[in-house]
Amino acid sequence: MMYPKSMSARKCKEKPRKIKSDEPKVCWLCGRNGCADPLDEHHIFGGYNRKKSEQYGAKVYLCHDRCHENGAEAVHRNPETMQKLHEYGQRKLMEQMGWTTEDFIREFGRNYI
């Protein structure tokens with residue numbers, strides 16, 4: 001026999017909106033479509049903010065070898081590229097969520113712009 005859930009258990013948590021991706025599935029850095037080098041999904045804000053990146057949809061596609069891990073401009077090897085990606089992610093989140101800089105800092109812990 002199943003018992004009905006309590007009222008508090010029935011209430012769903014409000015899910016945050018995610019970044020809407022209007023762009024086709026292409027590399028954020030070089031624009032390739034992943035034919036020669038498969039595309040990886042990269043969380044814009046990693047580390048302790050990885051779950052929040054997933055929650056808000058703050059992800060981009062990157063060519064696995066050339067733009068994600070091993071190339072000269074790859075985000076995991078080039079701090080300037082990573083900074084550009086963080087700035088892009090912050091601007092996109094602030095625009096689509098209607099946040100101020102203070103709202104972004106409250107959620108992600110720092111300002112990248």
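Treating region 23-108 as a set of equal point scatterers at the Cα positions, no solvent, please give the Debye-formula log₁₀ I(q)/I(0) at q = 0.14 Å⁻¹. Computed log10 I(q)/I(0) values: -0.48.
Restricting attention to region 23-108, the count of lysine pairs at 8 or more positions apart or across chains with alpha carbons under 13 Å apart stands at 4.
Just so you know, all these numbers are worked out from the coordinates, no wet-lab data involved. Here the structure is a predicted model, which is why all the values come from computation and not from measurement.
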